[in-house]
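Encoded as structure tokens, the structure appears first; notes follow it.
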Amino acid sequence: MSEIAQKVKNIIVEKLGVEESEVTPEASFTNDLGADSLDTVELIMEFEKEFNLPIPDDEAEKIATVGLAIEYLEKHIGK
Amino acid sequence: MTFKRVVVTGLGALTPIGNDVPTYWSNLAAGVSGAGPITKFDASKFRTQFACEIKGLDVTQHIPRQDARKMDAFTHYALIATDEAIRDAGVDVETLDRNKVGVIWGSGIGGLKSFEDEMIDYARGDGTPRINPFFIVRMIADSASGQISMRYGFRGTNYVTVSACASTNNAIIDALNYIRLGRLKMCVVGGSEAAVTRAGIGGFNANRALSERNDSPETASRPYDKGRDGFVLGEGAGALILEEYEHAQARGAKIYAELIGGGMSSDAYHITAPHPEGLGAFLAMQDALEDAGIEPSSIDYINTHGTSTPIGDPQELKAIYQLFGDHSFKLNISSTKSMTGHLLGAAGAVEAIAAIKAIEHQLVPPTINYVTPDEEIDSRFNLTANTAQARSITTVMSNAFGFGGHNAIVIFRKLS
């Protein structure tokens, strides 16, 4: 697992209080990990803070699963 | 129409002198101070460096961590005190008609630390707002009653009263009236406050309300003593289960006392200073006696507001004398703030519990740290100085006054 993926997992475990084993790439924040809309906003903010990367709102709306978050961050970090 | 009778069937407390009701009461009876140096932040540059903090509390023992982090401490305190009160009341939440159970909570300020932390964080940035989505819901005062309702599924009347240090008594009186009218069968009432923060201490220092006796925190809260120099900030929560008498009887509940009346008034005088002759206090106590339908001579004990401020303490006693006449010297008076400090919006909650436990144990908790009499205060008052006093107690009054000139008084009586 990439360093980015591990950090993303850690943030999700910390913020949503879920087990690491539940945080699979396919897992949806709202449907599988018990997040509500505010939790999702907070997660995006935590990613922005952790990776020092502003995520525009229209992009943030598309990040609905763990895998999509990792994919987005891996694509945009370091560019 | 005939009003329903209202009784108290459960108590919960999280205080600077005990994290549950039994510990709180035994320390009240023993005259223990909850004051000590501030541990919650570095207070070395503040005029006041001590407070009555909650001690040894692990919030996650009571509230799952991922939920707890979305709440301010004043809401944690509210849930923890409510849990104890519900357990104490012995109610089976599942079998209650929860649409008829309300929550009316009091808080003077709400989530002060949440506000403070978020704005400090913002001020350290470059001006781009990165406000946490839970910021508002952590901060707003009504989140306490909202969270209690969600935890238990209580779907009746739900809100928070805000009248500074009178907040909880206003909550108790509102619930009393709803139950009297048959609008609710049961109501969780109480109050919580968590203002031992930089803004809380700094703000009350700035308006010169706090004691600055840094060399002796445990003797700083000294209501009625000549050397009093301000209140000691406390934090915590108290919760009471109010219930329609017949409802309580039908389920075989233990009944602590009957809530027989409440009185309210406003000083209409000054935003912080009480009326010099205690006019607002007098009117509220008179209103409470009238609401309860009793004579002044029925009162055995008054748990006073008595915050340990130079001007506040004497005016309350003046009002008591004006209303009670010579009976003022027969009843017991004590300020348990001498031990707990001043819990602001939660003061009425923990003091109502003190008053009710006084009835249960036939014991008046003391006013500690009373050393030097003040010539401004009539020496005939029995201030229950320093040591608890056993006496026959049927009816008690609990007083609360708040910045803004709000006065709210409640009266409890042993069930007859």
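Listed values, structure above:
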read-out: The lone exception for A:Asp57 - which of (1) free of Cβ contacts under 8 Å to residues at least 24 places away in the same chain; (2) within 14 Å of chain B (Cβ to nearest Cβ); (3) within 24 Å of B:Asp67 (Cβ to Cβ) it fails; value: (3)
read-out: Filter result for A:Leu73 (touching a His at 6+ places or on another chain (Cβ under 8 Å), open to solvent by less than 70 Å² (accessible area, probe 1.4 Å), more than 12 Å from chain B (Cβ to nearest Cβ) and of a type in the set (A, V, I, L, M, F, W, C)); value: no
read-out: Among (1) closer than 28 Å to B:Gly10 by Cβ; (2) buried (at least 24 other Cβ atoms within 10 Å of the Cβ); (3) in contact (Cβ under 8 Å) with a residue 60 or more places away in the chain - the single one B:Glu360 does not satisfy; value: (2)
read-out: Condition broken by B:Ile131, with the remaining ones in (1) in a loop (DSSP other than H, G, I, E, B); (2) within 18 Å of B:Thr9 (Cβ to Cβ) satisfied; value: (2)
read-out: Positions within the range B:366-416 being basic (Lys, Arg) and outside any strand (DSSP E or B), in sequence order; value: B:Arg380, B:Arg391, B:Lys414
read-out: Extreme residue, surrounded by the most Cβ atoms within 10 Å (Cβ to Cβ), among residues of the range B:26-64 that are of a type in the set (A, V, I, L, M, F, W, C) and in a helix (DSSP H, G or I); value: B:Leu28
read-out: Subset of the range B:90-110 (residues that are modelled with pLDDT of 95 or more, part of a helix (DSSP H, G or I) and touching a helix residue (DSSP H, G or I) at 6+ places or on another chain (Cβ under 8 Å)); value: B:Arg98
read-out: One residue from A:Lys15, A:Lys7 being of a type in the set (Lys, Arg) and open to solvent by 40 Å² or more (accessible area, probe 1.4 Å); value: A:Lys7
read-out: Complete set of residues in the range B:65-89 that are part of a loop (DSSP other than H, G, I, E, B) and under 23 Å from the mean Cα position of the chain (by Cα); value: B:Met71, B:Asp72
read-out: Residues of the range A:1-35 classified as among the acidic types (Asp, Glu) and touching a Gly at 6+ places or on another chain (Cβ under 9 Å), total; value: 1
read-out: Residue, farthest from the other protein chains (Cβ to nearest Cβ), within the range B:111-128, restricted to residues that are in contact with a helix residue (DSSP H, G or I) (Cβ under 6 Å, 6 or more places away or on another chain) and either outside any helix (DSSP H, G or I) or open to solvent by 60 Å² or more (accessible area, probe 1.4 Å) (or both); value: B:Phe115
read-out: Any hit, the range B:303-315, residues being open to solvent by 30 Å² or more (accessible area, probe 1.4 Å), more than 17 Å from B:Arg380 (Cβ to Cβ) and part of a loop (DSSP other than H, G, I, E, B); value: yes
read-out: Evaluation of B:Thr23 against (1) open to solvent by 20 Å² or more (accessible area, probe 1.4 Å); (2) hydroxyl-bearing (Ser, Thr, Tyr); (3) touching a strand residue (DSSP E or B) at 6+ places or on another chain (Cβ under 8 Å) (one fails), failing number; value: (3)
read-out: Criterion violated by A:Asp36 - all others in (1) crowded, with 17+ Cβ neighbours inside 10 Å; (2) within 13 Å of another protein chain (Cβ to nearest Cβ) satisfied; value: (1)
read-out: Any hit, the range B:156-167, residues being within 14 Å of another protein chain (Cβ to nearest Cβ), among the hydrophobic types (A, V, I, L, M, F, W, C) and open to solvent by 60 Å² or more (accessible area, probe 1.4 Å); value: no
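The values are calculated or read from the model by the stated rules, or taken from the named source; none is laboratory data. Quick caveat: nothing in here was measured; it's all calculated off a predicted structure. Every residue, glycine among them, receives a Cβ derived from its backbone with ideal geometry; neighbour counts consider all protein chains shown. The protein model used for the area step is the full one, side chains on, heavy atoms only, and it has no ligands, DNA or RNA in it. Shrake-Rupley method; radii C 1.70, N 1.55, O 1.52, S 1.80 Å.
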